[in-house]
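Enquirer: Once you've had a glance at the structure underneath, I'll fire off some questions.
The values are calculated or read from the model by the stated rules, or taken from the named source; none is laboratory data. Bear in mind that the values here come from a model prediction, so they are computed numbers and not experimental data. Cβ placement follows ideal geometry from the backbone for every residue including glycine, while neighbour counts extend to all protein chains displayed. Protein only, heavy atoms only, side chains kept; ligands, DNA and RNA dropped before computing areas. Shrake-Rupley method; radii C 1.70, N 1.55, O 1.52, S 1.80 Å.
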Amino acid sequence: MSQVETFATLPMWAGFIGFVLIVLALDLYVLGGRHAHRVSSREALSWVLAWMALATLFGGLLWWFLDASLGRAVAHQKVLEFFTGYLIELSLSVDNMFVFSLIFGYFAVPLELQRRVLLYGVLGAIVMRVSMILAGVWLLSQFSWLFYVFGAFLVATGARMLAKADHAPDIARNPLVRFLRSSMRITKDYHGESFFVRIGGLRYATPMFVVLLMIEASDAVFAVDSIPAIFAVTTDPFLVFTSNIFAILGLRAMYFLLADMRERFRYLKHGLAAVLIVVGGKMLAAPWFHVPVQWSLGAVGLILLASVGASMILPGRTAANAARSKAKASKTGDPP
């Protein structure tokens, strides 16, 4: 296992953090992030492509800097690590988007209010991600054997995800939802984008506040899975941080583009589980077998393509059951 070290200088860290703050400020104050509106598929696709273009541009600038300062071999290696980490984080975020979709559906969040909640979710995810990355880097620098603990954790997480791939989480039974409902006064209806309102002199939380906490909790669970996964590719804190942040910044746009396609991509969760198992296995096998970064990138890409292809070609149980129910209804004259 490689030591925890980075090529990034303090100005590089400051520059990237400044870039993130500028982008978030533009979203919030210039591009309509503070105003409720429905995000169209066209707008979402434009933002997805924009974030991917920015990540690609960053990778190109990173290669140019490293090629000039540390040599072409290092430039190739580090940029491969960045893009592999970015692909892993982006793919794992897809599962998180489907969870967002279930939360919004359960709480019947109006479409025009979802964008604002996700913006706060992104801000919270960045804070949590920075904290977890710093903690992970420090732990690995102090206890190198934790690298293999992370690997075992990813294999176990992937196996658990594979076993539950066909089961949607029950939001009603979520401990956080049950605790909030039993400990707070919560209004039945939404009050615009407000998280709290006063009714009859009493302070009430709105369903929007519960949704926000659920989104943040989902982000935290996602981070626990994704941070160890990228350490399988690189232990450079700068690459871990930048690949995570680019994946997070594009999360909202990708949600509005893909959230309604959960049933269409029914085998994608199986693919994500396989990615976690492969990445965890790579970490566990590190003392005996070194897997080049380009192999990791290729393996992750092939798994994702195979799961998407299977979703398009093979009929799922949900679709098959729906078809049988419809056929039976047409024979009996009953509604499906």
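Enquirer: Tell me which residues, restricted to region 149-159, are free of Cβ contacts under 8 Å to residues at least 24 places away in the same chain and under 10 Å from A273 (Cβ atoms).
Expert: none
Enquirer: Open to solvent by 30 Å² or more (accessible area, probe 1.4 Å), in contact with a helix residue (DSSP H, G or I) (Cβ under 8 Å, 6 or more places away or on another chain), among the aliphatic types (A, V, I, L, M) and part of a helix (DSSP H, G or I), is that true of A223?
Expert: No, not satisfied.
Enquirer: Another question, if that's okay. So E43 passes all but one of these: (1) at pLDDT below 80; (2) closer than 26 Å to V210 by Cα; (3) open to solvent by 20 Å² or more (accessible area, probe 1.4 Å); (4) not small (G, A, S). Which condition number does it fail?
Expert: (2)
Enquirer: Suppose we keep only residues that are among the polar types (S, T, N, Q) and assigned to a helix (DSSP H, G or I) within region 135-162. Which one would you say is surrounded by the most Cβ atoms within 10 Å (Cβ to Cβ)?
Expert: Here the residue is T157.
Enquirer: What residue, among those in region 288-301 that are in contact (Cβ under 8 Å) with a residue 24 or more places away in the chain and either open to solvent by less than 30 Å² (accessible area, probe 1.4 Å) or not in a helix (DSSP H, G or I) (or both), is nearest to T235 (Cα to Cα)?
Expert: Here the residue is V293.
Enquirer: Does A165 satisfy the condition of being surrounded by 14 or more Cβ atoms within 10 Å (Cβ to Cβ), in contact (Cβ under 8 Å) with a residue 12 or more places away in the chain, within 25 Å of the chain's Cα centre (by Cα) and assigned to a loop (DSSP other than H, G, I, E, B)?
Expert: yes
Enquirer: Anything in region 226-244 that is aliphatic (A, V, I, L, M), assigned to a helix (DSSP H, G or I) and buried (at least 24 other Cβ atoms within 10 Å of the Cβ)? List them, or say none.
Expert: Across region 226-244, the qualifying residues are A229, I230, L239, V240.
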